[in-house]
1. Identify, please: which residue in segment 229-256 is in a strand (DSSP E or B) and not charged (D, E, K, R) and is, among those, surrounded by the most Cβ atoms within 10 Å (Cβ to Cβ)?
2. Of the residues Glu373, Glu421, which is in contact (Cβ under 8 Å) with a residue 24 or more places away in the chain and more than 30 Å from Ala248 (Cα to Cα)?
3. Only one of (1) surrounded by fewer than 20 Cβ atoms within 10 Å (Cβ to Cβ); (2) closer than 14 Å to Gly264 by Cα is not met by Gly440, so which one is it?
4. Against the definition (at pLDDT below 95 and over 22 Å from the mean Cα position of the chain (by Cα)), how does Asn452 come out, yes or no?
5. For segment 501-515, what are the residues that are β-branched (Val, Ile, Thr) and in a helix (DSSP H, G or I)?
6. Can you pull out the residues in segment 615-644 that are surrounded by 14 or more Cβ atoms within 10 Å (Cβ to Cβ) and not in a strand (DSSP E or B)?
7. If you go through segment 605-614 one residue at a time, do you hit one that is of a type in the set (Lys, Arg) and open to solvent by less than 20 Å² (accessible area, probe 1.4 Å)?
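The values are calculated or read from the model by the stated rules, or taken from the named source; none is laboratory data. What you see is a predicted model, and the numbers here were worked out from it, not measured in a lab. Cβ coordinates were reconstructed from backbone atoms using ideal geometry, including for glycine residues, and neighbour counts include every protein chain displayed. Ligands, DNA and RNA are excluded from the accessible area calculation, which covers all protein heavy atoms including side chains. Shrake-Rupley method; radii C 1.70, N 1.55, O 1.52, S 1.80 Å.
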Amino acid sequence: MSLPAYIQTGLPHNEAVPRFLFFHQTHAVIIGLGCDERPVFLEQVVLERDDGVIAERHRLLQRVVLITRDRAADIRLAGHDLIALVPQEICKQHRGAFAGIVDVGLEAHAEHSDLLPRLHVARNALCDPRGLAVVDETRLTDERRDVLELFMDEPRVDRDAVTADADTIYSIVVTEQNETQGIGSVACEQLPDAMVAANSYNVDGIAGATVTSDALKEAVKAALENAGLDASAFAVAKAADTTVEKTAETLDCDVVVVGAGGAGLTAAAQAAENGAKVIVVEKMPIVGGNSLKATGGMNAADTQYQADLGITDSGVQEFIEDTINGGHGINNRSLVTVMAEQSSDAIDWLTSIGAPLPKVAATGGTTHKYLHEPEDGSAVGSYLVEKLNAQAEKLGVQILLNTKATEILTNDGAACGIKAESTEHDYTINAKSVIIAAGGFGANFELMASFNPALANAVTTNHAGATGDGILMAEAIGADTVDMDQIQLHPTVYQETGMLVSESVRSMGGILVNAEGKRFCNDMSTRDAVSNAELEQPGAYAYIIFDQRIVDDLKSCQKYISNGLTVSSDSYEGLAKEMGLTGDAAANFVETMNTWNASVAAGEDAEFGRNNGMDGDLSTAPYYAIKIAPGIHHTMGGLKINTDA
């Protein structure tokens, strides 16, 4: 339930005394900040649990005075409670005051001491990049712990939404979820049935939606416990019945696309726009493929967005030469030229389907600004996949998930369809055209190791489905491959989970330091150069450093923080300690930060010659660090194509 719905034009507006509304069970407390930014108790209201309670809440909501009209806190209904979530910018602006709400503001009003212990606000969470003020979990009673999930935008399963007895789970209903449609939402759609079938919350998650899957499983476990059941009785999944009898099915279409990642969805949508009947087969349970892993942006030249921003030195020819140089001249110049010349059209098409990329920045290995990003700093991959999937569905594209292509059919040497299989069907799909958009093989360690044995035990950023199926199927009918040994490492990968830390962090001013607290290379050089430099450092790892300015502008950073990748502090000295740096290394780190900020101010990196991603320094506390090392980013080789592909 959104607060702006209750704020009408013309209501009182007072910048001097912003107020915040906190609800707990039958009580509501309004807190104001005085001119000295000290918390001031304004009013306590007892909400009687009768038919008049809703009217009373409406009256209270209308009395909230905001700092600005567009900074409304989100008010969510949870049973009989209303929970206030405070926007990040307000938390940051009044951080000191918020930290003192319990200690100073409310303690001054001892007459309300019976209420105060139930209104504790978690101090760390107030500054959390998710922008949410959350109730301290330790202060919640068991029956109210499910409320906490509202703050995390995770799927919520109420106690009453799980029907079970001591031995059997009969049904599960997800009562609230805010997941990306077609990606995280798939876990919310599929896992409940899987858990019921397995009579367990501990089932395999949906590949590509791991975070949502884990959150949903924990929510079901909590719901079982809240219902008074022994959750451990449902910890082991019942063996699945594997006696499903498949049926043969034949489908006909104009175009069949193998793979529902960014390329496959784009090809499907554009073919459908041109009047074709299109079928897409995807072996994974969700669309997106490796595109879901992309967090930076999309390179393009001579775009309207560049023109609007006054960027005139990053045209097609520069794009071509930078790409050739980044590929050390191995690239096929004809293919690079087609990519660069048509890149602006691609950006325009994305805009036309509601997927604009208006932010433009430089990226590693170039001084020019080609990288186009979403306006709000969202990860470009999941942002585009959601839009592309919606466009394909709108145009009537049939997408078969959990369906693996196994063979390309030919007639007189020309592809005329595919064979595919799911758990229920063996498909023959006849088509006038076959598009292979199944991606690379960055998760096929056996295949990668056949080209480079050193990669056999490497960490990969690729999704589980990137196993090169399309390449192998095409080879089986005589297709050529090229550059299969060209496997790129990305320098900033969180090794524990394989999560890629976006290049955008560095393009916005982030830097890399080693275990000695020192920079060691041009942080914005090509990925192979930076990766090689990292591997030469003590321990073969580094830290990527960024500040609150970058967090505010880049949603990817907010995800890294919420997923526990970061350490942070309000000072360079404190961050060094959190990173485990001591002695000379800690002193070096403080000096490194000060030197970098001076370099940004001077517009020159005298140490390593970095000449992009220097539009802002790292002086906005708090400061963050993520321990990273190189990981497999993508396989650059694949099927040999020409400029007509």
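1. Val256
2. Only one candidate qualifies: Glu373.
3. With respect to (1) surrounded by fewer than 20 Cβ atoms within 10 Å (Cβ to Cβ); (2) closer than 14 Å to Gly264 by Cα, Gly440 is out only on (1).
4. For Asn452, the condition - at pLDDT below 95 and over 22 Å from the mean Cα position of the chain (by Cα) - is met.
5. The answer is Val505, and nothing else.
6. Listed by number, the residues that qualify are Gly616, Asp617, Leu618, Ser619, Thr620, Ala621, Pro622, Met636, Gly637.
7. yes
To keep it simple, each residue is scored yes or no on (1) in contact (Cβ under 8 Å) with a residue 12 or more places away in the chain; (2) touching a helix residue (DSSP H, G or I) at 6+ places or on another chain (Cβ under 7 Å); (3) farther than 30 Å from Phe451 by Cα.
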| site | (1), (2), (3) |
| --- | --- |
| Glu503 | yes, no, no |
| Gly510 | yes, yes, yes |
| Lys518 | yes, yes, yes |
| Val530 | yes, no, no |
| Ala540 | yes, yes, no |
| Asp553 | yes, no, yes |
| Cys557 | yes, yes, yes |
| Met593 | yes, yes, yes |
